[in-house]
Each structure stands twice: as structure tokens, then as C-alpha cells.
Amino acid sequence: MITTLLEISMTKIWMAYGPYFDAIRQTMQTNIAERKHLSVEDVAKKHTFYMTINSSDKMVRMESVGSNTGQSVNANNPHSFVAILPVCGPITRNGGACSYGSIDLRDDMIEAAKQEDCAGVVLYINSGGGSANAIDDIKYAINYVHQQGKKVKAFIDGMCASAAYYYAALCDEIYYMNEKDQIGSIGAFAAFYTQKDGDKNRYTNETFRVVYADKSYEKNKWYREASEGNYETVKEELNELNEDFIADVKAARPNAKDKHLHGAMFNAADLQGTLVDGQSTLEECCAHMIAIYESNTDNSTNTKTSINMQNYPLINAA
């Protein structure tokens with residue numbers, strides 16, 4: 001929890017839905033004010049399991065599998081499986097007691113993709129976004145999964161906004177659970193506190209002083225300018241990041257329209273064929289991925305498997 005609070009405190013550039021971001025800030029400040037304590041043991045519990053879905057005897061079932069035991073994540077089942085990794089809550093790099101950071105997701109995704117019987121990965125998303133610093137980890141992990149010849153799907157169940165949609169756009173396919181699921185908020189913004197030289201503490205009346213070396217005139221330039229009300233340097237960084245975001249979405253979702261790219265939120269049902277591929281269930285997404293993977297595996301050994309796409313009606317329709 002401590003690392004998460006520090007990360008949120010220090011993060012400047014955000015990709016998050018506005019009300020969601022405000023809630024994160026308020027929660028953070030409450031935790032700091034109330035000195036809430038969390039033991040190392042409690043934090044460690046978060047990294048013990050992630051979810052898989054296995055195909056066996058034409059059945060699909062969910063089970064929890066240890067991801068840090070040093071053994072194959074599918075050691076007890078010889079059949080193909082899909083690793084399901086949760087992207088829920090505020091997106092950060094380090095994660096917290098109740099959420100996985102992009103570092104956790106990156107490492108778990110890579111570990112799962114290494115398993116020979118892993119059919120692919122599903123990112124289970126219900127998030128309003130978060131830190132822009134968390135994007136590169138997921139890019140790296142998805143590229144690694146692709147190098148192993150496997151796919152990554154995004155499954156949205158609730159909200160998928162801003163950085164969370166960036167995650168989804170990097171995936172091979174995107175499906176949603178409910179027609180009213182909220183998707184969008186494509187864009188970036190900066191939020192930070194400033195304190196400039198000469199400011200006084202309203203409670204202690206102490207004066208804040210900061211002095212820079214003569215040759216350190218570029219150090220904290222954006223921060224010093226912002227404290228004086230000049231945000232041009234921050235905007236330059238924001239605009240560059242935002243252009244990358246839009247370019248990646250356009251590349252991944254070529255049917256996206258201009259109205260989708262400027263921060264608005266939409267009902268999932270109104271985005272079919274543009275920002276999402278269609279409606280489905282988590283089980284259908286995983287079963288379809290396993291069927292395709294096992295078909296390709298069987299074909300590579302000259303054994304053909306017939307896939308009845310009618311078993312996956314929503315995906316087939318999409």
C-alpha cells in the first residue's frame with residue numbers, strides 16, 4: 001500500500017476517467033491522513049494466485065493456480081489453459097493490496113506464455129484507467145506472448161476507460177459483457193501539486209525554499225514553470241503522449257471514428273465493430289481461444305480437429 005500511495009502521489013501524467021481519478025486521489029489522502037497500516041504478509045497474499053480456464057473432456061472450468069510456486073501453472077492438468085489476468089481498479093506500475101500493477105501483469109503474462117499448454121491470455125478489465133507509466137510494461141508483455149505464437153484478448157466487464165482501454169487496444173480482440181459497459185475516455189491529462197520558492201505553510205508559517213545549481217537550469221523545469229502558472233512544457237509532453245495513444249488505437253482499431261478519440265465515454269453496444277469486436281462471456285472467450293489453439297496444435301502434428309463455431313455464437317456473430 002505504501003508504494004502505491006507514493007506512486008500515486010508522484011505520478012504527473014494520467015490516463016484516467018475524471019471521476020475515477022478524483023476517487024483515487026481522495027482515497028490516497030484518506031489513507032495518508034489516517035495512517036492506515038498494512039503488513040508485508042498481507043501485501044504478499046495478492047501475488048499468490050491468478051485464474052486459468054482449462055478444457056478437458058469437452059468441459060470448460062475455472063480454477064485458481066499458484067503463479068509463484070516455481071512449478072508449471074498447469075502442472076495438475078495436461079490440457080490447454082487460458083491465463084486470466086485481472087485489470088481491476090486504478091492502474092499503477094507497482095500495484096497495491098487490492099490491485100495488480102503493470103509489473104505484476106507483465107511478469108505473470110510472460111510466465112504463462114512460457115507454458116507449452118497455454119493457449120493464450122485474457123485481460124479481464126474493469127478499470128477507469130490510471131498512470132500513463134504503466135503502458136510500456138503491457139506492450140512488452142503482449143509482444144512476448146505474440147512471439148510465443150499465442151494471442152491476447154481483452155474482456156471488459158464494467159468499465160474500460162483511458163489507460164485501461166489502451167491495454168485493451170493492444171490486445172488482438174476486445175469483447176464486452178454488458179451493453180451498458182462504459183468504454184472510452186481516450187486521452188491524457190496532467191495532475192499534480194506544486195510548491196514554489198517563497199510559499200508559506202498555512203499552519204506552521206514556515207517558508208518553503210528551494211535553490212538550484214547554476215548549471216541545473218533544466219532540472220524540474222516543467223514543475224517550476226507550472227508553479228508559476230505556465231503549463232506549456234507539461235502540455236508538450238502531454239500532447240506527445242496523447243498522439244501516441246491515438247496512433248496506437250487507430251492502428252489496432254482501424255474502424256474507430258474521430259468522435260471516439262477525444263475523451264468521450266460510450267456504451268459498449270454502440271461501439272461494436274469500432275472500439276470493440278462484440279459481446280461475449282468470459283467463458284466463451286476462453287473456450288474459443290482454446291479451440292483455435294488446439295486446432296492449430298493438432299494441425300501442426302497432422303491431426304485435424306473440427307471446430308464447431310456454433311458453440312461460440314456471440315463471438316462467431318462478431
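The values are calculated or read from the model by the stated rules, or taken from the named source; none is laboratory data. Not measured: the values here are computed from a predicted model. All Cβ positions, even for glycine, are placed from backbone atoms using ideal geometry, and neighbour counts span all protein chains on display. Ligands, DNA and RNA are stripped out before the accessible areas are found, and what is left, the full protein with its side chains, is counted by its heavy atoms. Shrake-Rupley method; radii C 1.70, N 1.55, O 1.52, S 1.80 Å.
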Residue in segment 252-269 that is within 22 Å of Ile138 (Cβ to Cβ), of a type in the set (Lys, Arg) and either open to solvent by 20 Å² or more (accessible area, probe 1.4 Å) or at pLDDT 95 or above (or both) present: yes
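Only one of Ala132, Ala168 is open to solvent by less than 30 Å² (accessible area, probe 1.4 Å) and over 26 Å from Val234 (Cα atoms). Can you tell me which? Steps first, please.
Working: Ala132 fails: over 26 Å from Val234 (Cα atoms).
The unique qualifying residue is Ala168.
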Report the residue count in segment 222-247 for those that are in a helix (DSSP H, G or I) and open to solvent by 50 Å² or more (accessible area, probe 1.4 Å). 12
Residue under question is Asp107, and the condition is that it be farther than 25 Å from Ala168 by Cβ and either in contact with a His (Cβ under 9 Å, 6 or more places away or on another chain) or modelled with pLDDT of 90 or more (or both); does it hold? no
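Suppose we filter segment 165-207 for residues that are of a type in the set (Lys, Arg) and touching a residue at least 24 places away in the same chain (Cβ under 8 Å); how many remain? Working first, answer last.
Looking only at segment 165-207, we keep the residues that are of a type in the set (Lys, Arg), and these are 180, 196, 200, 202.
Next, from what is left, pick out any that are touching a residue at least 24 places away in the same chain (Cβ under 8 Å): 180, 196.
Residues in segment 165-207 being of a type in the set (Lys, Arg) and touching a residue at least 24 places away in the same chain (Cβ under 8 Å): 2 in total.
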Which one of the conditions (1) open to solvent by 10 Å² or more (accessible area, probe 1.4 Å); (2) in contact (Cβ under 8 Å) with a residue 60 or more places away in the chain; (3) not charged (D, E, K, R) does Ser162 fail to meet, given that it meets all the rest? (1)
